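Only the coordinates and a few stated rules stand behind these numbers; no lab work does. As the structure is a prediction and not an experimental result, all values here were calculated from the model. No Cβ is skipped: glycine too gets one built from the backbone with ideal geometry, and neighbour counts run over all protein chains shown.
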Amino acid sequence: MNLADKNILVVGGATGIGHAAASVCAAHGGNVIVADQNETAGRPASAAIGALFVSVNVADEASVRRMFDTIAARYDHLDVLIHTAGVLRGAFVPVAEFPLETWQTVMDINVTGSFLCAKYAMPLIKKAGRGVIILVSSVAATGVSSSVAYGSSKGSVSSLGVTLANKLAPDNIRVNVVHPGGIKTEMKLSVIGREAELHGQSAQQAIAQAAAGTELGEPEGVGKILAWLASDEADYVRGFLTTR
C-alpha cells in the first residue's frame, strides 16, 4: 500500500476507527490532516503521527467551511476524504419515548456532517483531477441498532454514499461506504455498559470484559481497510464494504 504524496483528510480522526485510519495512512506515506471537535484528544494524537490537526464541528456549515479554508491554505489539493465522525445517542430508549432533540442531534452530526464534508471537499479534490471519498456507516444501517436515531442515520449515510458515487463519477471521484461491525471503540463499549445497567448488572464490569475479550474487533483492523481504500490499489472497488 503506497499513499506517498496523497493529501488525506480524516474527519473524526481523534479517536477510535478514525484515529486508526489516520495512523495507518501516515505510516504509509500519506500527508494526513486530522479533523475533530475533540481537541483534547485530537491535538496530541495528531502530533504523534505527524499530522495536521484542525478543529471542526461537522454539524455546523460555517465550521466545516473554515476547516477546508485552513486545509486549502496549506495544500493546493485534496486526494482523499475519510469521514468517520459520528455519535450514538438514545441507546435502548423506546421509540415512543425518543426525544426529538436527540434524534436531530444524531442526524445533524452523522448525516448532515457527512454531506457537508463531502460538499466542501469537492473543490479541493477536483483540483487533484481524481480522488476518493470514504464514508463510514455501520452494520446498523441494515441491521439492528440500540438507537432508532443511530440506525436510521447510518442508513442515511449509506444512501448518501450511493448517491454521491453516481453524482461524482463523472469527476473521476470514487465513493465507498464502509460498514464496520462490532468494533472495540468508546462508543461501542458505552452501549455495552448501558445494556448491562438495564439488566441490573455492573456497567464497569461489562465494559472491562468486552474490552479484554476477542468478540469485538480492533479499530486498527478497520483503519487498515480505510487506508487501503484510499490507495490506488482500490481503484476497482465499488459500493459497500462490510467488516467484522
*Please find, in a Gaussian network model of the chain (springs between Cα atoms separated by less than 10 Å), the residue of 55, 145, 202 whose mean-square fluctuation is greatest.*
202
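Given the -39500 (n - 2.57) contribution per DSSP H run of 4+ residues, what per-residue ellipticity at 222 nm results for the chain, rounded to the nearest 500 deg cm²/dmol?
-15000 deg cm²/dmol, from helical runs alone.
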*Across the chain, how many lysine pairs, 8 or more apart or on two chains, come within less than 27 Å at their alpha-carbon atoms?*
21
*When Lys and Arg each count +1 and Asp and Glu each count -1, what net charge do the other residues less than 10 Å away from residue 165, Cβ to Cβ, add up to?*
+3
_Averaging the inverse of every distinct alpha carbon separation and then flipping it gives the Kirkwood radius. What is it for the chain, in angstrom units?_
18.1 Å
*Residues in the stretch 140-156 near a label at residue 201, defined as backbone nitrogen under 19 Å from the 7 Å Cα→Cβ point?*
145-147
*Using the number of other C-beta atoms within 10 angstrom as an exposure proxy, rank 65, 89 with the fewest first.*
65, 89
*Using the count of nearby Cβ atoms within 10 Å as a rough guide to exposure, how do 132, 95, 191 rank from fewest to most?*
95, 191, 132
*Note the angle between two axes, namely the Cα long axis of helix 148-168 and the longest principal axis of the Cα atoms of the chain, as a number of degrees from 0 to 90, rounded to the nearest 10.*
20 degrees
*asked:* Going 7 Å from the Cα of residue 172 along its beta-carbon direction, which residues of the stretch 211-244 have the amide nitrogen within less than 17 Å of the resulting point?
replied: 231-237
*Compute log10 of I(q)/I(0) for the stretch 148-244 with the Debye formula, placing one identical point scatterer on every Cα and leaving out solvent, at q = 0.23 Å⁻¹, to two decimals.*
-1.18
